[in-house]
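A short write-up of the structure that comes next.
The values are calculated or read from the model by the stated rules, or taken from the named source; none is laboratory data. Owing to the predicted nature of the structure, the values given are computational and were not obtained by experimental measurement. Glycine also receives a Cβ, built like all others from the backbone with ideal geometry; neighbour counts cover every protein chain displayed. The area values use the complete protein model at the heavy-atom level, side chains included, leaving out ligands, DNA and RNA. Shrake-Rupley method; radii C 1.70, N 1.55, O 1.52, S 1.80 Å.
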Amino acid sequence: MRESAAEFVRSESTALTSALSIKSTDLLVEGKDGIGRKSKVPWVRFASAKRSPSATLGWYVVLLFREDGSGIYMTLAHASTENNEGNLQNRSLQDVRRMMVWARAILAAHMHSDPRLQHPISLGNGKLAKAYELTSATAYFYPRNAIPPEEHIRSDLREMARMLSSIYENEDLQRRTGETSLDVIAALSKVEDSTESRERSATQGFGLTQPERRAVEQQAMRLAAMYLGQLGYKVEDTSAKHPYDFKATRLEEVLYIEVKGTTGAIGDVVLTKNEVNHHLHQHPNNGLIVVHSIQLSRSEAGPRATDGKLEARIPWKIEKEHLEAISYRYRTDSIF
């Protein structure tokens, strides 16, 4: 693990540094099999040395052996500890879950396009095995009796490096905002771009390109319309002209429906001032439909959104304690 296995990963150094967009001197490769008594889950990992100087810090790609030796996982994982005033402490289960939701949302397109990627993983019953399982975002699995050819494993290493690069690209923004909802971070990023005149590429960070965002919105609207139709409502798309997406009628009943779609898990959504005011006024004749976990695939023909899980709240009461301002308009004409 410390020598031959680590050297195998190092032999891909040029490709890995290119995929990670880091300097060759920043690539860290190391293997551990325990000190004294050998570890039940030996491992080899690679990462940016700046972002993950040790296995107790940051995101990295790691080869993890099952305790019973029945197979190996190539895993994109995060350290299960955090630095608290110089002391390493185990992360809370809630914190770990939010982190994994955040990472899997970023990796959604990769995971959707490659059915070999899986989570959760199963390493064994030991304490470390369970900790590693919780902090694994996605993984390839190689059974002991069906190890693929060497070039196949090298190809997987390069793909994992590309996924780790996506995590690194978005990590700084997540840390700066303190948020894990992709839609909220995208909104904050857009505000920062407009106020600080930064130039970002359309695909950098959490923000989807306009065609990708439109594909996600249309998939959410399709599933929401089907859901309302199954409940017996006649659905009118009003999103182009009104601060609500659907006007749903059933006999004498009229509902005003807000629809939100995301490639991430269920979480925070972004509402405009007009949307909030409208739904405060229309309650209880209103509703919120959130379609999450939408799968987004990219091709030369353009983005395509499929699947999605629907959650509905009808009527929808906007509780002020659940609203949080993420930007403000400040008028300066009265102070200058």
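Annotations for the structure displayed:
- Count - residues of the stretch 143-183 that are at negative phi, at pLDDT below 90 and assigned to a loop (DSSP other than H, G, I, E, B): 3
- Listed by position, the strands (runs of 3 or more DSSP E) inside the stretch 254-314 whose residues that are more than 20 Å from the chain's Cα centre (by Cα) number at least 2 are 286-292, 309-313.
- The listed residues are 117, 63, and the only one of them that is touching a helix residue (DSSP H, G or I) at 6+ places or on another chain (Cβ under 9 Å) and under 28 Å from residue 298 (Cβ atoms) turns out to be 117.
- Of the residues in the stretch 106-120, not one is under 27 Å from residue 26 (Cβ atoms), touching a strand residue (DSSP E or B) at 6+ places or on another chain (Cβ under 7 Å) and among the hydroxyl-bearing types (Ser, Thr, Tyr).
- Considering 331, 313, 298, 304, the condition of being more than 21 Å from residue 101 (Cβ to Cβ) and at pLDDT 85 or above is satisfied by 304 alone.
- Among the conditions (1) in a loop (DSSP other than H, G, I, E, B); (2) of a type outside the set (A, V, I, L, M); (3) free of Cβ contacts under 8 Å to residues at least 60 places away in the same chain; (4) within 17 Å of residue 221 (Cβ to Cβ), residue 332 misses just one, which is (4).
- The single residue among 7, 30, 12 that is surrounded by 17 or more Cβ atoms within 10 Å (Cβ to Cβ), at pLDDT 85 or above and within 17 Å of residue 155 (Cα to Cα) turns out to be 12.
- The single condition among (1) at pLDDT 95 or above; (2) of a type in the set (A, V, I, L, M); (3) over 23 Å from residue 304 (Cβ atoms); (4) surrounded by fewer than 21 Cβ atoms within 10 Å (Cβ to Cβ) that residue 223 does not satisfy is (3).
- Of all residues in the stretch 119-133, those satisfying the criterion of being of a type in the set (A, V, I, L, M, F, W, C) and touching a Lys or Arg at 6+ places or on another chain (Cβ under 8 Å) are 123, 128, 129.
- Residue in the stretch 266-281 that is modelled with the lowest pLDDT, counting only those that are open to solvent by less than 40 Å² (accessible area, probe 1.4 Å) and touching a strand residue (DSSP E or B) at 6+ places or on another chain (Cβ under 8 Å): 275
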